[in-house]
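To keep things clear, I will list the structure first and then write my remarks on it.
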Amino acid sequence: MSFLKNKLFRWKQKQRIPKKEWPELVGKDAEEATTIIDKEHPGLKIQIIPENSFVIRNLEENRVRIFVDRQQTVTRTPHIG
């Protein structure tokens, strides 16, 4: 890797763009998912929603919805919106 590419790579790592979705949380407990999202992206409004519930499909840049089954297991990829 050239010197400039290496320097750019390190700079990008330091910038750390916040995540917008968490596919790795599908199958996890809702409480654990909430803790992880809050730790990685503090300040988001996190909503836990039972699967198949009616929700308004508006977008909010400061919200994450976590859809869960009856056992409080995450069923869909949580994402900002």
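Points worth noting:
- Residue count, the range 62-81 (criterion: surrounded by fewer than 16 Cβ atoms within 10 Å (Cβ to Cβ) and either among the small types (Gly, Ala, Ser) or within 12 Å of the chain's Cα centre (by Cα) (or both)): 6
- The range 19-45: number of residues that are in contact (Cβ under 8 Å) with a residue 24 or more places away in the chain and under 15 Å from Val74 (Cβ atoms): 13
- Restricting Val55, Val26, Val68, Val74 to those that are of a type in the set (A, V, I, L, M) and touching a Leu at 6+ places or on another chain (Cβ under 7 Å) reduces the list to Val74.
Any read-out appearing in this document is the output of simple, stated calculations on the displayed coordinates, not a laboratory observation. Here the structure is a predicted model, which is why all the values come from computation and not from measurement. Please note: Cβ atoms are built from the backbone with ideal geometry, for glycine as well, and neighbour counts cover all protein chains shown.
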